[in-house]
1. Are there helices (runs of 4 or more DSSP H) fully within region 1-110 with at least 3 residues that are under 16 Å from the mean Cα position of the chain (by Cα) and surrounded by fewer than 14 Cβ atoms within 10 Å (Cβ to Cβ)? List them.
2. How many of the residues making up region 111-150 are part of a loop (DSSP other than H, G, I, E, B) and either among the β-branched types (Val, Ile, Thr) or at negative phi (or both)?
3. Counting only residues that are in contact with a Cys (Cβ under 9 Å, 6 or more places away or on another chain) and within 16 Å of LEU71 (Cβ to Cβ), which one in region 130-147 is modelled with the highest pLDDT?
4. Of these, GLN91, GLN80, which one is more than 20 Å from LYS147 (Cα to Cα) and of a type in the set (S, T, N, Q)?
5. Restricting the first residue to region 44-57 and requiring it to be in contact (Cβ under 8 Å) with a residue 12 or more places away in the chain, which pairs with a second residue that is open to solvent by less than 10 Å² (accessible area, probe 1.4 Å) and assigned to a loop (DSSP other than H, G, I, E, B) meet a Cβ separation below 7 Å and a spacing of at least six or different chains?
Amino acid sequence: MGPETRSHMMSRIGGKNTKPELLIRSGLHRRGYRYRLHDRTLPGRPDIVLAQWRTIIEVRGCFWHGHDCHLFRWPETRAQFWRDKIKANVQRDEKNRAAILGMGWRLAEVWECQLKGRMRRPLADVLDELSRFIEGANERCVVGPDKTVL
(Lines give C-alpha, C1' and ligand atoms only; values in the text may rest on other atoms or scores of the structure.)
Protein backbone atom coordinates (compact mmCIF):
# COMPACT_ATOMS: atom_id res chain seq x y z
CA MET A 1 0.00 0.00 0.00
CA GLY A 2 1.32 3.43 -0.87
CA PRO A 3 1.89 6.31 1.57
CA GLU A 4 -1.14 8.26 0.31
CA THR A 5 -3.45 5.29 0.78
CA ARG A 6 -2.10 4.57 4.26
CA SER A 7 -2.40 8.23 5.25
CA HIS A 8 -5.98 8.33 4.01
CA MET A 9 -6.87 5.15 5.94
CA MET A 10 -5.27 6.42 9.16
CA SER A 11 -7.07 9.76 8.88
CA ARG A 12 -10.41 7.93 8.83
CA ILE A 13 -9.87 6.28 12.22
CA GLY A 14 -12.05 8.03 14.78
CA GLY A 15 -11.58 8.36 18.50
CA LYS A 16 -15.26 7.98 19.39
CA ASN A 17 -17.85 5.29 18.83
CA THR A 18 -15.29 2.58 18.06
CA LYS A 19 -16.48 -1.00 17.76
CA PRO A 20 -15.05 -2.02 21.18
CA GLU A 21 -16.67 1.03 22.77
CA LEU A 22 -20.04 0.23 21.16
CA LEU A 23 -19.85 -3.37 22.42
CA ILE A 24 -19.30 -2.19 26.00
CA ARG A 25 -21.95 0.52 25.78
CA SER A 26 -24.65 -1.75 24.38
CA GLY A 27 -23.83 -4.46 26.92
CA LEU A 28 -24.02 -2.04 29.83
CA HIS A 29 -27.29 -0.61 28.52
CA ARG A 30 -28.81 -4.11 28.22
CA ARG A 31 -27.86 -4.66 31.86
CA GLY A 32 -29.77 -1.55 32.89
CA TYR A 33 -26.90 0.92 33.34
CA ARG A 34 -27.52 4.44 32.09
CA TYR A 35 -24.65 6.73 31.22
CA ARG A 36 -23.44 9.83 29.43
CA LEU A 37 -20.88 9.82 26.65
CA HIS A 38 -17.71 11.89 26.26
CA ASP A 39 -18.48 14.36 29.07
CA ARG A 40 -16.55 17.54 28.25
CA THR A 41 -16.53 18.66 31.89
CA LEU A 42 -14.26 15.76 32.92
CA PRO A 43 -10.54 15.36 32.13
CA GLY A 44 -9.98 13.62 28.79
CA ARG A 45 -13.69 13.52 27.88
CA PRO A 46 -14.17 9.92 29.11
CA ASP A 47 -15.90 7.36 26.89
CA ILE A 48 -18.61 6.34 29.37
CA VAL A 49 -19.70 8.24 32.49
CA LEU A 50 -22.02 6.55 34.98
CA ALA A 51 -22.83 9.55 37.18
CA GLN A 52 -25.15 7.60 39.49
CA TRP A 53 -22.22 5.36 40.41
CA ARG A 54 -19.57 8.11 40.12
CA THR A 55 -17.78 5.77 37.74
CA ILE A 56 -15.97 6.30 34.45
CA ILE A 57 -15.21 3.62 31.87
CA GLU A 58 -12.50 4.16 29.27
CA VAL A 59 -12.24 1.74 26.34
CA ARG A 60 -8.62 1.81 25.21
CA GLY A 61 -7.41 0.95 21.73
CA CYS A 62 -4.26 -1.14 22.10
CA PHE A 63 -2.37 0.55 19.26
CA TRP A 64 -3.21 4.16 20.10
CA HIS A 65 -2.51 3.75 23.82
CA GLY A 66 0.65 1.66 23.52
CA HIS A 67 -0.64 -1.52 25.12
CA ASP A 68 1.89 -4.35 25.35
CA CYS A 69 -0.18 -7.07 23.70
CA HIS A 70 -0.50 -8.95 20.40
CA LEU A 71 -2.54 -6.12 18.83
CA PHE A 72 0.27 -3.60 19.22
CA ARG A 73 3.16 -3.38 16.78
CA TRP A 74 5.43 -0.42 16.16
CA PRO A 75 4.97 0.91 12.61
CA GLU A 76 8.04 0.53 10.43
CA THR A 77 7.62 3.85 8.63
CA ARG A 78 8.03 7.17 10.43
CA ALA A 79 9.14 5.30 13.54
CA GLN A 80 10.10 8.37 15.58
CA PHE A 81 6.80 10.10 14.80
CA TRP A 82 4.84 7.09 16.07
CA ARG A 83 7.00 6.69 19.18
CA ASP A 84 6.43 10.35 20.06
CA LYS A 85 2.70 10.13 19.26
CA ILE A 86 2.05 7.02 21.34
CA LYS A 87 4.26 8.23 24.18
CA ALA A 88 2.23 11.46 24.30
CA ASN A 89 -1.01 9.44 24.37
CA VAL A 90 0.25 7.30 27.27
CA GLN A 91 1.36 10.40 29.20
CA ARG A 92 -2.01 12.08 28.59
CA ASP A 93 -3.76 8.92 29.81
CA GLU A 94 -1.70 8.99 33.03
CA LYS A 95 -2.45 12.68 33.60
CA ASN A 96 -6.18 12.21 33.00
CA ARG A 97 -6.26 9.08 35.19
CA ALA A 98 -4.69 10.97 38.09
CA ALA A 99 -7.07 13.92 37.63
CA ILE A 100 -10.17 11.69 37.48
CA LEU A 101 -9.17 9.72 40.57
CA GLY A 102 -8.22 12.96 42.33
CA MET A 103 -11.74 14.27 41.73
CA GLY A 104 -13.19 11.27 43.56
CA TRP A 105 -14.36 9.37 40.49
CA ARG A 106 -13.79 5.63 40.08
CA LEU A 107 -12.13 4.47 36.86
CA ALA A 108 -12.34 1.29 34.80
CA GLU A 109 -10.13 0.81 31.76
CA VAL A 110 -11.04 -1.87 29.21
CA TRP A 111 -8.34 -2.86 26.72
CA GLU A 112 -9.33 -3.61 23.13
CA CYS A 113 -7.45 -6.95 23.19
CA GLN A 114 -9.99 -8.25 25.71
CA LEU A 115 -12.73 -7.80 23.10
CA LYS A 116 -10.98 -9.00 19.92
CA GLY A 117 -8.01 -11.04 18.76
CA ARG A 118 -6.49 -14.13 20.30
CA MET A 119 -6.72 -12.81 23.89
CA ARG A 120 -10.43 -12.09 23.47
CA ARG A 121 -12.65 -12.96 26.39
CA PRO A 122 -16.37 -13.62 26.15
CA LEU A 123 -18.17 -10.28 26.20
CA ALA A 124 -20.38 -11.50 29.05
CA ASP A 125 -17.26 -12.07 31.21
CA VAL A 126 -15.98 -8.54 30.51
CA LEU A 127 -19.41 -7.08 31.31
CA ASP A 128 -19.63 -9.18 34.51
CA GLU A 129 -16.29 -7.77 35.63
CA LEU A 130 -17.43 -4.22 34.85
CA SER A 131 -20.74 -4.76 36.68
CA ARG A 132 -18.90 -5.98 39.79
CA PHE A 133 -16.66 -2.92 39.63
CA ILE A 134 -19.51 -0.46 39.08
CA GLU A 135 -21.46 -1.78 42.04
CA GLY A 136 -18.38 -2.38 44.20
CA ALA A 137 -16.13 -0.07 46.16
CA ASN A 138 -12.78 -0.31 44.36
CA GLU A 139 -11.29 2.91 43.03
CA ARG A 140 -9.82 1.42 39.86
CA CYS A 141 -10.28 -1.59 37.59
CA VAL A 142 -8.27 -2.69 34.57
CA VAL A 143 -9.87 -5.26 32.28
CA GLY A 144 -6.84 -6.86 30.67
CA PRO A 145 -3.11 -6.77 31.35
CA ASP A 146 -2.11 -3.38 32.77
CA LYS A 147 1.11 -2.67 30.92
CA THR A 148 2.27 -0.40 28.13
CA VAL A 149 5.17 -0.76 25.72
CA LEU A 150 6.95 2.38 26.94
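1. By residue number, 19-30, 79-102.
2. Residues meeting the conditions: 16.
3. If we take residues in region 130-147 being in contact with a Cys (Cβ under 9 Å, 6 or more places away or on another chain) and within 16 Å of LEU71 (Cβ to Cβ), then GLY144 is modelled with the highest pLDDT.
4. Sole residue among the options that is more than 20 Å from LYS147 (Cα to Cα) and of a type in the set (S, T, N, Q): GLN80.
5. From residues that are in contact (Cβ under 8 Å) with a residue 12 or more places away in the chain, the pairs are ILE56/PRO46.
The values are calculated or read from the model by the stated rules, or taken from the named source; none is laboratory data. Quick caveat, the model's predicted, so the values are computed rather than measured. All Cβ positions, even for glycine, are placed from backbone atoms using ideal geometry, and neighbour counts span all protein chains on display. Areas reflect the complete protein model, heavy atoms only, side chains present, ligands, DNA and RNA absent. Shrake-Rupley method; radii C 1.70, N 1.55, O 1.52, S 1.80 Å.
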